[in-house]
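A.B. asks: Input: one structure, supplied below.
Bear in mind these aren't lab numbers, they're just calculated from the coordinates by the rules spelled out. Everything numeric in this text was worked out from a predicted model, so none of it was measured. Positions of Cβ are generated from backbone atoms using ideal geometry, with glycine treated the same way; all protein chains shown enter the neighbour counts.
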C-alpha cells in the first residue's frame, strides 16, 4: 500500500499536464506580489484560530470549509476591526480550476463568535486530521505549519529587526540587511527494524499507554539518510543495521514541521540493549502480534487486567503504512 505522499505523486504523474500547469501558476502567484494580490480577490480561505483549523460536521462526515474572500470580508467587517487584512494569509495550494487556496489565522477574533458565524469548530490539528479526508488533512497540516513558521520568524536572527512576509508567504525578508528566510522542515528518519519474521517497535515515555511505533530521530548536520538510520538504531537499541531500504516520506506537523523519511532496515543480530535515556521500551513483535495491533483503534480501552493493548499509529501517519507494508510482505512470503 502506498503512503499518502506516494499516492499523491502517482496521481500527479497520471495527470502530468495539469500538474505542470498548476505548478507554474502557483510559482507565479508565490513569487509575484501583484499576482498574489489579484488571486486574493477570487481565492478560497481555510480558517484557523491560534493554529487550530475550522472544521464543520454534516451528518457523519467532517469537512474543512473553504470560504471565499468576499464572504470572509463580509463576515469580518461586522466586527469593526482595523487589523483585518487578507494579505496576512499564506498560499497553500490551488484547485484544478486554478483557484488559489489560502490559509488565514483569525486568532485576534473571538473564537466562539467565529464558530457561530461559520457553523463549525476550531479543532486541534491532531484531532482534525483524523476526522476529515486525507487530501484535505494534508492541506491543513501544510497550512498550519506555514502559519506557525511565520509566527515564529518575525525577527531576523542576525539583526534582530522585524522581518516582512511577502504577500504569498513563501518567504520573509529582513530589509535592514537583505537576508531572505524561507520556510524549512527538519528531516527525521523513521525506521522499521526487522529480523527474520519479527519487527521491532518502541514506546516513548510521552506516548499514550500501549502505543508502539518504529524508531525515529532527527538527522544531524552532515549526515546522509543512511548514516542517520544506522546511528539512531545503534543509539536507541544497540543494534547494527545490516541493510536498509527507503520506503517513502511524509510531512509531519507535530509539534513543529518535520519531513519524515521512512525506511525499512534489517539488523545483524537481535539482542536488544535499550538506551533508556532515549526510549522507554522496545520489543520484538511477531507477525500475528503486529497484525492484531493494527486492528486496535486509537486510545483503546484498557484490558480486563488493567493493562493497555498494544496499538500502532493511526492511518494518517507514515509509520502506520510502514508497519502495514511489513505485514503484507510477511504474509506474501508465507503465501497467506
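A.B. asks: Which shape class applies to the stretch 72-166: rounded if a/c is under 1.5, otherwise prolate when a/b exceeds b/c and oblate if not, where a ≥ b ≥ c are the square roots of the Cα gyration tensor eigenvalues? Walk me through the numbers on the way to the answer.
C.D. replies: Details: a/c = 1.58, a/b = 1.18, b/c = 1.34.
Since a/c reaches 1.5 but b/c is at least a/b, the shape of the stretch 72-166 is classed as oblate.
A.B. asks: Still on this structure, I have one more. In which sequence would 94, 263 go, from the one with the fewest C-beta neighbours within 10 Å to the one with the most? The partial results should precede the final answer.
C.D. replies: Values: 94 20, 263 23.
Starting with the residue having the fewest Cβ neighbours, the order is 94, 263.
A.B. asks: Most fluctuating residue of 180, 132, 323 in a GNM of the chain with Cα springs under 10 Å: which is it?
C.D. replies: Of the options given, 180 has the highest mean-square fluctuation.
A.B. asks: Measuring from centroid to centroid over Cα atoms, what is the spacing of the stretch 149-183 and the stretch 291-336 in Å?
C.D. replies: 43 Å
A.B. asks: Give me the number: length gained by fully extending residue 173 to residue 50, i.e. 0.36 nm times residue separation minus the C-alpha to C-alpha distance, one decimal in nm.
C.D. replies: On the way: separation 123, 0.36 × 123 = 44.28 nm, distance 2.34 nm.
Result: 41.9 nm gained on full extension.
A.B. asks: Now for a different question. Return one number: the angle in degrees, 0 to 90 and rounded to the nearest 10, between the long axis of the Cα atoms of helix 4-14 and the longest principal axis of the Cα atoms of the chain.
C.D. replies: Approximately 70 degrees, to the nearest ten.
A.B. asks: Then there's this: Taking a ≥ b ≥ c as the square roots of the Cα gyration tensor eigenvalues, with a/c under 1.5 meaning rounded and otherwise prolate when a/b beats b/c, else oblate, which class fits the stretch 243-287?
C.D. replies: Details: a/c = 2.50, a/b = 1.37, b/c = 1.82.
Cα axes put the stretch 243-287 in the oblate bin.
A.B. asks: Still on this structure: Between helix 134-152 and the chain, what is the angle of the helix's C-alpha long axis to the longest principal axis, kept within 0 to 90° and rounded to the nearest 10?
C.D. replies: 70 degrees
A.B. asks: Run through the DSSP bridge list for the chain and note the antiparallel percent, rounded to the nearest 5.
C.D. replies: 75 percent
A.B. asks: Once you place label points 7 Å from the Cα toward the Cβ at residue 235 and residue 333, how far apart are they in nm?
C.D. replies: 2.8 nm
A.B. asks: Ranked by Cβ crowding within 10 angstrom, fewest neighbours first, how are 97, 44 ordered? Provide the component values of the computation, followed by the final result.
C.D. replies: Working: 97 6, 44 18.
Arranged by neighbour count, lowest to highest, 97, 44 become 97, 44.
A.B. asks: Sticking with this one: Please give the helix 225-237 orientation as an angle from the longest Cα principal axis of the chain, in degrees from 0 to 90, rounded to the nearest 10.
C.D. replies: Here the helix axis deviates by roughly 60 degrees.
A.B. asks: By counting other Cβ atoms within 10 Å of each Cβ, how are 218, 321, 25, 109 ranked from fewest to most?
C.D. replies: Values: 218 12, 321 23, 25 15, 109 18.
Least crowded to most crowded, the residues run 218, 25, 109, 321.
A.B. asks: To continue, here is another question. Normalised by the residues of the chain, what does the relative contact order come to in percent, with Cα pairs under 8 Å and at least six apart?
C.D. replies: Numbers: 579 pairs, mean separation 51.9, N = 336.
Relative contact order of the chain: 15 percent.
A.B. asks: Right, next: From the helices alone, meaning DSSP H stretches of at least four residues, give me the mean residue ellipticity at 222 nm for the chain, per-run term -39500 (n - 2.57), in deg cm²/dmol to the nearest 500. Could the numbers behind the result be given before it?
C.D. replies: Details: 10 runs with 117 residues, N = 336.
Per the formula, -10500 deg cm²/dmol.
A.B. asks: Using 1/(1 + (r/R0)^6) with R0 = 56 angstrom and r between the beta carbons of residue 24 and residue 204, what's the FRET efficiency to the nearest 0.05?
C.D. replies: Numbers: r = 43 Å, r/R0 = 0.76.
That gives a FRET efficiency of 0.85.
A.B. asks: Over the stretch 186-334, what relative contact order in percent results from Cα pairs under 8 Å that are six or more residues apart?
C.D. replies: Details: 280 pairs, mean separation 43.3, N = 149.
Once divided by the residue count of the stretch 186-334, the mean separation gives 29 percent.
A.B. asks: Continuing with this model, one more query. Specify whether the C-alpha gyration tensor of the stretch 11-154 places it in the rounded, prolate or oblate class, a ≥ b ≥ c being the square roots of the eigenvalues: rounded for a/c under 1.5, otherwise prolate if a/b is larger than b/c and oblate if not. Please list the in-between numbers first.
C.D. replies: On the way: a/c = 1.71, a/b = 1.22, b/c = 1.40.
Oblate shape, in that a/c is at least 1.5 and b/c is the bigger or equal ratio.
A.B. asks: Additional query: For the chain, what D do you get in µm² per second when you plug the Kirkwood radius from alpha-carbon pairs into Stokes-Einstein at 37 °C and 0.692 mPa s? Each step should come with its number before you reach the end.
C.D. replies: Numbers: Rh = 22.3 Å.
It comes out at roughly 147 µm²/s.
A.B. asks: Using r as the Cβ-Cβ distance of residue 221 and residue 270, and R0 as 25 Å, what FRET efficiency do you calculate, to the nearest 0.05?
C.D. replies: Working: r = 31 Å, r/R0 = 1.25.
With R0 = 25 Å, the Cβ-Cβ based efficiency is 0.20.
A.B. asks: Please report the antiparallel percentage of the DSSP beta bridges confined to the stretch 168-279, to the nearest 5. All intermediate terms of the calculation are to be shown ahead of the outcome.
C.D. replies: Details: 20 of 29 bridges.
In the stretch 168-279, approximately 70 percent of DSSP beta bridges are antiparallel ones.
A.B. asks: Any chance you could tell me what percent of the C-alpha pair distances in the stretch 186-334 go past 18 Å?
C.D. replies: On the way: 6176 of 11026 pairs.
Across the stretch 186-334, Cα pairs with separations above 18 Å total 56 percent.
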